[in-house]
1. Please enumerate the residues belonging to the range A:339-348 that are part of a loop (DSSP other than H, G, I, E, B) and within 14 Å of A:ILE206 (Cβ to Cβ).
2. Do you know which residues across the range A:132-146 are more than 18 Å from A:TYR474 (Cα to Cα) and within 9 Å of chain B (Cβ to nearest Cβ)?
3. All but one of (1) assigned to a helix (DSSP H, G or I); (2) touching a strand residue (DSSP E or B) at 6+ places or on another chain (Cβ under 8 Å) hold for A:LEU389, so report the exception by its number.
4. In the range B:239-269, what residues are without any contact (Cβ under 8 Å) to a residue 24 or more places away in the chain and among the small types (Gly, Ala, Ser)?
5. List pairs: first residue in the range A:297-321 and under 30 Å from A:LEU151 (Cβ atoms), second residue β-branched (Val, Ile, Thr) and part of a loop (DSSP other than H, G, I, E, B) anywhere in the structure, Cβ distance under 8 angstrom, at least six positions apart or on different chains.
6. Check the range B:168-183 and report whether any residue there is of a type in the set (A, V, I, L, M) and surrounded by 24 or more Cβ atoms within 10 Å (Cβ to Cβ).
7. Here are the criteria: (1) among the β-branched types (Val, Ile, Thr); (2) buried (at least 24 other Cβ atoms within 10 Å of the Cβ); (3) outside any strand (DSSP E or B). Tell me which single one B:ILE357 does not satisfy.
8. What single numbered condition from (1) at pLDDT 95 or above; (2) open to solvent by 10 Å² or more (accessible area, probe 1.4 Å) fails to hold for B:GLN382?
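The values are calculated or read from the model by the stated rules, or taken from the named source; none is laboratory data. Just so we're clear, the structure is a prediction, and the values are computed from it rather than from any experiment. Cβ: placed from backbone, ideal geometry, glycine included. Neighbour counts: every protein chain shown. Calculation scope for accessible area: heavy atoms of the full protein, side chains included, ligands and nucleic acids excluded. Shrake-Rupley method; radii C 1.70, N 1.55, O 1.52, S 1.80 Å.
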Number of protein chains: 2
Amino acid sequence: MVEVSKHYPKSKLPIIYERSNVNERAALRSSPLYEQLADELAAQISTGVFGPGDKLPSVRQVSQNKGVSVTTVLQAYQLLEDRGSIEARPQSGYYVRFIPLPSLTVPEPGFFTPPDDLEEAQIDDLVMMVMRDSTNLELIQLGAAQPDPSLLPTDRMNRILSRLARLNDIHQNMRGLPEGCIELRTQVAKRAFLLGCSIAPEDLLITSGCTEAVSLALRAVCQPGDLVAIESPTYFGILQAIETQGLRPLEIPTHQRDGINLEALDFAIEHYPVKAVVVMSNYHNPLGSCMPEENKRALVDLLAPREIPLIEDDIHGELSFSDQRPLVAKSFDQNGLVLLCSSFSKDISPSYRVGWIAPGRFFTAVQKHKMATTLSTPILLQHVIAEFLDNGGYDHHLRKIRRAYAQKVTQTVHGVLRSFPKGTQISSPEGGYLLWVQLPRQVDSLALYREALQVGITLAPGYIFSSTPKFHNYIRLNTAYMSFAAEKALDILGGIVQKMAKA
Amino acid sequence: MVEVSKHYPKSKLPIIYERSNVNERAALRSSPLYEQLADELAAQISTGVFGPGDKLPSVRQVSQNKGVSVTTVLQAYQLLEDRGSIEARPQSGYYVRFIPLPSLTVPEPGFFTPPDDLEEAQIDDLVMMVMRDSTNLELIQLGAAQPDPSLLPTDRMNRILSRLARLNDIHQNMRGLPEGCIELRTQVAKRAFLLGCSIAPEDLLITSGCTEAVSLALRAVCQPGDLVAIESPTYFGILQAIETQGLRPLEIPTHQRDGINLEALDFAIEHYPVKAVVVMSNYHNPLGSCMPEENKRALVDLLAPREIPLIEDDIHGELSFSDQRPLVAKSFDQNGLVLLCSSFSKDISPSYRVGWIAPGRFFTAVQKHKMATTLSTPILLQHVIAEFLDNGGYDHHLRKIRRAYAQKVTQTVHGVLRSFPKGTQISSPEGGYLLWVQLPRQVDSLALYREALQVGITLAPGYIFSSTPKFHNYIRLNTAYMSFAAEKALDILGGIVQKMAKA
């Protein structure tokens, strides 16, 4: 889709220096060439490209690259020196001066200014805002679905990383293949055996996170215009993948305990040309639902005779609150129709961006799209995760974080029950770290998001989990950061909801 | 596009264990449950999922996850022990035995077996084969466009990586934003100033390699079915991006010295609804061409009044053989219509998969597609590159590798002139490390590729650089690995071509 901002800001237009006919053109302009060059440099200094203390490019470099005379560059630098923004250091060059300029403290764009009314395109802005909130460490993090940093095996990963980095293996410096390294694919195949799937390493592709896995799966099985059945509510990333690929979502009612309603799905595929189905079978985002085994089997059996591919996102599957993690729908797949997607972003590292897909009979198509999208996934990070999985610490780590997240979820449920008004309903998942909260009808989640930001709390408003506004009075809470401070934040949040419910 | 292999091999079907009604179903099957379980495990052992010395899942784990009794698992393990493929170690568990099985040395699929005749889909196979060759270190590497590993700053990068990994910065463990970290964007903006572009950090997005940058650029400005003007020949990755997005390529004649023919392009956009143009303006892959500045300006001026976006791939721009690198077409862009794409895969690290895009007025659209495709790029690797760019070693490094590649290209040109038959023509680029060789008409590049593989040499046949077979008698040579051994390989290759030219 072509998106063109019609009002391309004048200030962003690059100032162009002509390398030929410089003199004739310059004569036609209002300000002399050296002044234009000085202005251009000043702009780069004010936006922080060249920050205080930075050395500016040498006079010779600028002269060569901009196609102007050395004298012109010297005049420009002299002008900036006169204006006080740079200084010459003998035998060294020109440097940006340290000046505390109030204009340098640019307010973060859109941080506290969500739009007042929501149109379709603004859902994207809202998603970006919730994501951006997650990098603001001054906010209480009840928003983006980030894991607790203290529950990631960062020290161990760093030790493995340092060691592998010193190995200087030639393969680790080269690009790697689209399907990823055999070591990690073998580890994933090993774990998949315990999920009920007999997958060989060559049936797997390593991806840049679960986002790429789901995105490639959709590309492999759909064409623009196709209808895709999804859960409602659903993770906004799935909605975005569908929309950006020119597909159309068909939202199927989904229960907070059992997951997607199979009768509704059956009806939908009877009456609409559904080309693919996407589910988060285990510990759904945002619902927390976990499909019972018989539903997983029934789902596979429902789609198989119609040859409809099932894209199964299992990103939270390992975060079961009990010792035993649930199976995946793929374990019931006898036709290669299930494309199972997951990643290590929730339990090992969100920043590594390493995920995987077992695409069944669509392997070749997924591989082709992977090549044309990102070519391959950073091989060093693949090796680090493979080694972590291999050396046996993963199971111990999982036991630890499962207990911790179970406690955080319980703590948050109690906090909401204590502080939120009557009429509030809350999910009770058996895994993951997300809670789905239904507020009294008159409470608008966007208004709540806006008010909460004012007191330093971020959360995920219900609008971003559907292409319709039907979840306007719902919010998703991330419990991963739950702590004493966050528990107090729940009280404050409850107070705001109480007030809004009465208004 | 839905790609379904109709002959989904029976052997790949997962063996399903029913968690409910296990006994009834098992009774209907020919072999007892424990034997089925043993066979499934044996299959996972033979494909290497569980390799020699690996510990198998505990009896309890298998029992729980497969929904069978402990006795059944014990019987299955006993059977595998009897068959000699696993062994019990007291107080420890069951392990896969070390047995040198000849059947374990699976031949690499398709390594030495390119197809005999080429249909459209097989071009993809051919590309995959050339890529796969690059991981076979026993081949002389004249194929994939990989840089010389010894010309990458691997030691310095590893030192920075180890140090940053120990910092334990919370931001480095978290996901990061779609546009990438501000530190790297600032460094890229700084360097862009010397390319003639005044770009602010907030005009940039960090991508997963240049592949993602070009792919996102196409997604941002085109819709399926749109016509995209490209150079002919062109890098096969651009052809794949166009094809997988459902776009149509329009190949414009391109000269090995000056790049895309502007008269031909002008004619094309007069007569066809061209929605975007893609060029590799500097040190083109495979041609090695570098557009003169006046052509870059003329190209921008040609497209601006028609509001046609220009996607400019500058991945080889820094690899100039002279001290001064060429400008980019974007430096002449006054309308935000040029989407400039590049990466650090050729000069710093192919395996980091870190690239960038300056998408002009299409920033929002590119950001949205980035979110829906890979969400973000691994933040630690971004920081490592930012630090390498910042500490001043980059320019020194560039000077070193520019000299080295200039020598390798010269050496290869001489080798080809010496060994190849009369009628051979060869490009003479002023940057990069690729050569484009026109062989006598009767020499088929695919046949040559096949024969060269037999003697341990890989190269890139001309077929993969166009959607037509018009470059059937061309090859691309990667000179990056040029050495004494590789020079001898040129003599051998020349001998094969001589023979084929006479046949």
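1. Passing the criteria: A:PHE344, A:SER345, A:ILE348.
2. Of the residues in the range A:132-146, the ones more than 18 Å from A:TYR474 (Cα to Cα) are A:132-140, A:146.
The answer is A:ARG132, A:SER134, A:THR135, A:LEU137, A:GLN146.
3. Answer for A:LEU389: the failing condition is (2).
4. Within the range B:239-269, B:ALA264 is the sole residue that qualifies.
5. Note: pairs meeting the criteria are A:GLU312/A:VAL328; A:ASP314/A:VAL328; A:GLY317/A:VAL328.
6. Checked the range B:168-183: no residue is of a type in the set (A, V, I, L, M) and surrounded by 24 or more Cβ atoms within 10 Å (Cβ to Cβ).
7. (3)
8. All conditions pass for B:GLN382, except number (2).
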